[in-house]
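What follows is one structure encoded as structure tokens, with my remarks underneath.
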Amino acid sequence: MSHIQTDSSEVLLSAHNLSVRFGGVLAVNDVSFDVRQGEVFTLIGPNGAGKTTVFNLISRIYQPTQGSIEYLGPQGRLVLTEQPPHRIASLGIARTFQNIELFEHATVLQNLLIGRHTHRRTSLWSEAFFTRKTRQAEIEAREKVEQVIDFLDLQHHRESMVAGLPYGVRKVVELARALCTEPRLLLLDEPSSGLNVEETDDMAFWIADIKNELGISVLMVEHDMSLVSKVSDRVLAMSMGAELATGTPAEVQSDPGVIEAYLGSVDDMSSLRRENQARSGAAA
């Protein structure tokens with residue numbers, strides 16, 4: 001896969017004063033944040049904090065009641081909240097889902113090839129007659145998919161039906177499908193959900209490589225604070241739809257409002273402190 005050169009100081013996505021109201025419920029309340037190129041930015045918070053609603057605003061599933069989202073697309077900066085939902089993937093934004101969204105009765109390879117649909121440049125006529133241009137496009141799509149398969153070590157599962165794969169492997173296939181769109185921004189919705197400790201460590205490895213080797217910016221929603229501490233450059237903590245704190249994982253975890261609203265328990269805090277101490281020791 002090609003490495004994307006990025007300026008880590010440049011803002012890729014900027015949310016301005018986002019609010020969403022569903023009837024009498026204020027699901028997101030005046031939230032603002034930036035995602036810089038080449039970083040992992042994570043949204044944390046208890047269930048119902050509004051994290052997935054923010055994802056759905058970026059994906060254009062929801063329309064904000066107030067506020068806007070700006071995005072640095074391939075042709076320059078634009079207002080994302082003015083774009084139709086079907087354009088989001090072609091603008092370089094890909095998403096995984098907490099509940100895996102794959103074609104279970106298709107192979108891994110077939111699912112990944114579907115992820116290339118945003119790059120289709122052939123006409124219906126050329127595809128019907130399988131012209132030279134169509135054949136070349138299919139070869140290029142297969143080459144890109146094979147690069148993703150190699151990157152995520154999915155070679156052994158290439159021809160396997162998704163329905164027969166272990167849950168942890170299917171989570172990686174879901175990640176691979178998103179990477180096949182060649183995104184500039186990757187939205188990861190609870191990537192560790194349902195994974196055991198070893199599989200979560202593997203997911204942390206993939207996320208770090210996606211950022212460092214591919215240069216793809218990552219916006220993540222995650223509950224596993226160990227994973228958050230391992231891979232995140234910055235964190236936004238939310239509660240009841242509003243922003244509590246933004247900063248490094250260490251800064252956010254020590255914020256009194258975050259401790260009370262989200263982390264809460266002594267066990268969670270102890271786990272995070274051990275994680276940070278281990279990272280500090282490794283850096284030394």
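Computed from the coordinates by the stated procedures, all read-outs in this text should not be read as laboratory data. Model, not experiment: these values are computed from the prediction. Neighbour counts are summed over all protein chains in view; Cβ atoms, including those assigned to glycine, are modelled from backbone coordinates with ideal geometry.
Could you sort the peptides 172-180, 212-220 by per-residue average Cβ neighbour count (10 Å cutoff), highest mean leading? Write down the numbers at each step before the final one.
Numbers: 172-180: 23.6, 212-220: 21.1.
Per-residue mean Cβ counts within 10 Å order the peptides as 172-180, 212-220.
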Exercise. Ranked from highest to lowest mean number of other Cβ atoms within 10 Å per residue, what is the order of the peptides 85-91, 48-54?
Worked result: 48-54, 85-91
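Ranking 79, 28, 11 by Cβ neighbours within 10 Å, fewest first, what do you get?
In order of increasing Cβ crowding within 10 Å: 79, 11, 28.
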Problem set entry | Whole-Hz couplings from phi, Karplus 6.51/-1.76/1.60, listed for the stretch 244-252; x for Gly and Pro | 9, 6, 9, x, 5, x, 5, 5, 5
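At most 16 other Cβ atoms within 10 Å and a DSSP loop assignment: could you name the GluC sites (Glu not before Pro) in the stretch 40-109 that fit? Before the final figure, lay out each step's value.
Values: sites: 70, 82, 101, 104; in loops: 101, 104.
Here the sparse-neighbourhood loop sites are 101, 104.
What ranking, highest mean first, results for peptides 164-171, 35-42 when packing means the other Cβ atoms within 10 Å averaged over each residue?
On the way: 164-171: 16.4, 35-42: 21.6.
With the highest mean Cβ count within 10 Å placed first, the list reads 35-42, 164-171.
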Problem set entry | Karplus-derived 3J(HN,Hα), 6.51/-1.76/1.60, for each residue of the stretch 168-182, Hz, glycine and proline x | x, 5, 5, 5, 5, 5, 4, 5, 4, 4, 5, 5, 5, 7, 6
Problem set entry | Amide H contacts of residue 43 (H built 1.01 Å from N, under 5 Å, at least 5 apart or other chain) | 220, 221, 222, 236
